[in-house]
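**Student:** Pasting a structure below so you can have a look.
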C-alpha cells in the first residue's frame, strides 16, 4: 500500500465526535489538530459532529451543510436532545454514508454519536477505531453519574469496544487505567498515539497586561482549562493563598469557563481565602489573548484529579512555560522525565511547594522552559502524530494482526 493511499487514492477517514464547540475544551482543540496532522500525512479527513454549544445553546452554523476547517471537511448536524448530544439527522447521515469511507475514528464513549457511528460502521462493514477521551478511568466512572454509567458501560460501551478494530489512547497512563476497567478493554487491540501540538506563534505579554491591568507588575501563575470539579481548582486556590503570603506580588489567572454555580462557589472560596484582588477570572480565552496569557505566565499549573492527556499542559510546554502538574495528568510522566515540570499530588501543600520552587529558582525555571519546548517538538509534533495515525490506518486496512506497534516517534 502506498503511504496514505488505498488503490491509488488517499485513505478516507471519517471522524465522529459529539461536539467541537470551544467551550468543551481539549477534545475540540485536539480534533482540529488531528485533522491537520492527518491532512499533512496524506489522509482525506471528514469530521461529523453536532451544533451543540452547551446547555440550551447551538453553534451559529447551518445544520447539514459542509464547511472546510482545519484541513478537513466538517459536517454539523442539529443536536436534538442535550443528554448524550442526540442528533437524529447525524444518525441518518451515518447510516447512508459510512460505506463511503475506509475507516471510522470515533471520539468519545457514553455518547449518541459514537454509539450510532459504531452501529453504522458494522452495518457497512467498515472498520472503526475508538478514542475514549479518558472516560475509561475509575475517577470518571465513580464520580460522574455512577449508576447510569455502570449500566451503559455493560450494555453499550463494552460491545462497542469489543467490535472495534483498535482503541486509540493518547498516553500509556490512559491505556493502563482503561485496561483495569474490564477484561474486554484489556483484550482490545490498541495504539498509543499522543495528540499533536503545533509549533505556536509567540504571544505578546504586554497585550495580556493591557487587557488585564491587574497583572501589571505582578508574576503570573496560569491555570488554563475548563473550570470543572476534576481540575483541582479548590486545592489550587488554597495553595495560592500560601504562595501569596510568600510572594505577595503574584496573581493567579484562571482562564476557562464552566458551570456558573460552580464558578460562583470558587469565587466565594477565593474571597474567604483573601484572594479577591489576586485572581483574574478571564473566562474562556483564545487566539491572540491565549498566546499572550502563555507569554506572560511564569508558571502553568494543572492539578487535575484525572486527565487522559492534558492538551493545555502540552501547549504550555511547547511555549516554554514551566509546568506544575498533578500525577493524575497523563503526560506528567513524560514531562518529569524531560525535567520540564514539577509533578505534585493534589494537596494544597504539594501544589504551593511546587509553585514556590519554580518562582524562587529562575535558573531552574529557564531550564524547564527549554526542556518543555524540546519535549513537545520530539513527542507531539504534527508530523510524527500524523504519520503514526496514517500507519495505524494502513495496518488496519492491510489486515495486520496488531496495532500496538504504532506509537508516535520523534520526527
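The values are calculated or read from the model by the stated rules, or taken from the named source; none is laboratory data. Since the structure is predicted, the reported quantities are computational estimates derived from the model, not experimental observations. Reconstructed Cβ throughout: ideal geometry from the backbone, glycine too, with neighbour counts over all protein chains shown.
**Student:** Go through segment 212-224 residue by residue and tally those that are surrounded by 17 or more Cβ atoms within 10 Å (Cβ to Cβ) and over 26 Å from residue 326 (Cα atoms).
**Tutor:** The total comes to 1.
**Student:** If residue 222 satisfies all but one of (1) within 18 Å of the chain's Cα centre (by Cα); (2) part of a loop (DSSP other than H, G, I, E, B); (3) under 29 Å from residue 268 (Cβ atoms), what's the number of the condition it fails?
**Tutor:** It is condition (2) that residue 222 fails.
**Student:** With the structure loaded, tell me whether residue 112 is in contact with a strand residue (DSSP E or B) (Cβ under 9 Å, 6 or more places away or on another chain), over 22 Å from residue 191 (Cβ atoms) and buried (at least 19 other Cβ atoms within 10 Å of the Cβ) or whether it fails that test.
**Tutor:** On the way: in contact with a strand residue (DSSP E or B) (Cβ under 9 Å, 6 or more places away or on another chain): yes; over 22 Å from residue 191 (Cβ atoms): yes; buried (at least 19 other Cβ atoms within 10 Å of the Cβ): yes.
So residue 112 fits the description; yes.
**Student:** Can you find a residue that is farther than 18 Å from residue 323 by Cβ, touching a strand residue (DSSP E or B) at 6+ places or on another chain (Cβ under 7 Å), assigned by TED's automatic domain parsing to the domain that holds residue 348 and without any contact (Cβ under 8 Å) to a residue 40 or more places away in the chain anywhere in segment 280-291?
**Tutor:** Taking every residue of segment 280-291 in turn, at least one turns out to be farther than 18 Å from residue 323 by Cβ, touching a strand residue (DSSP E or B) at 6+ places or on another chain (Cβ under 7 Å), assigned by TED's automatic domain parsing to the domain that holds residue 348 and without any contact (Cβ under 8 Å) to a residue 40 or more places away in the chain.
**Student:** A follow-up question, please. Can you go through 365, 370 and tell me which one is in contact with a helix residue (DSSP H, G or I) (Cβ under 9 Å, 6 or more places away or on another chain), modelled with pLDDT of 95 or more and within 20 Å of residue 297 (Cα to Cα)?
**Tutor:** Numbers: 370 fails: in contact with a helix residue (DSSP H, G or I) (Cβ under 9 Å, 6 or more places away or on another chain).
Among 365, 370, only 365 is in contact with a helix residue (DSSP H, G or I) (Cβ under 9 Å, 6 or more places away or on another chain), modelled with pLDDT of 95 or more and within 20 Å of residue 297 (Cα to Cα).
**Student:** Could you tell me whether segment 176-191 includes any residue that is in the same structural domain as residue 104 (by TED's automatic domain parsing), buried (at least 20 other Cβ atoms within 10 Å of the Cβ), within 17 Å of the chain's Cα centre (by Cα) and assigned to a helix (DSSP H, G or I)?
**Tutor:** yes
**Student:** Identify, from the list 104, 141, the residue that is within 29 Å of residue 11 (Cα to Cα) and within 21 Å of the chain's Cα centre (by Cα). Before you say what the answer is, go through the steps one by one.
**Tutor:** Numbers: 141 fails: within 29 Å of residue 11 (Cα to Cα).
Just a single option satisfies the conditions, and that option is 104.
**Student:** Can you tell me how many residues within segment 239-266 are modelled with pLDDT of 95 or more and surrounded by fewer than 16 Cβ atoms within 10 Å (Cβ to Cβ)?
**Tutor:** Matching residues across segment 239-266 total 9.
**Student:** Can you go through 93, 139 and tell me which one is part of a helix (DSSP H, G or I), surrounded by fewer than 20 Cβ atoms within 10 Å (Cβ to Cβ) and in contact with a strand residue (DSSP E or B) (Cβ under 9 Å, 6 or more places away or on another chain)? Lay out the reasoning, then the answer.
**Tutor:** Numbers: 139 fails: in contact with a strand residue (DSSP E or B) (Cβ under 9 Å, 6 or more places away or on another chain).
Criteria check complete, one pass: 93.
**Student:** Hey, could you check segment 225-238 for residues that are surrounded by fewer than 22 Cβ atoms within 10 Å (Cβ to Cβ) and assigned to a loop (DSSP other than H, G, I, E, B) and say which is farthest from the chain's Cα centre (by Cα)?
**Tutor:** Top of the filtered list is 228.
**Student:** Then there's this: Do you know which residues across segment 31-60 are assigned to a loop (DSSP other than H, G, I, E, B) and either modelled with pLDDT under 95 or buried (at least 24 other Cβ atoms within 10 Å of the Cβ) (or both)?
**Tutor:** Narrowing segment 31-60 to residues assigned to a loop (DSSP other than H, G, I, E, B): 41-43, 51, 53-57, 59-60.
Hits for segment 31-60 are 43, 51, 53, 54, 55, 56, 57, 59, 60.
**Student:** Here is a further query. Considering only segment 319-354, how many residues are outside any strand (DSSP E or B) and more than 15 Å from the chain's Cα centre (by Cα)? Break it down stepwise before answering.
**Tutor:** Going residue by residue through segment 319-354, those that are outside any strand (DSSP E or B) are 319-322, 327-328, 330-340, 345-354.
Going one step further and asking which of them are more than 15 Å from the chain's Cα centre (by Cα), we end up with 319-322, 327, 333-340, 345-354.
Of the residues in that region, 23 qualify.
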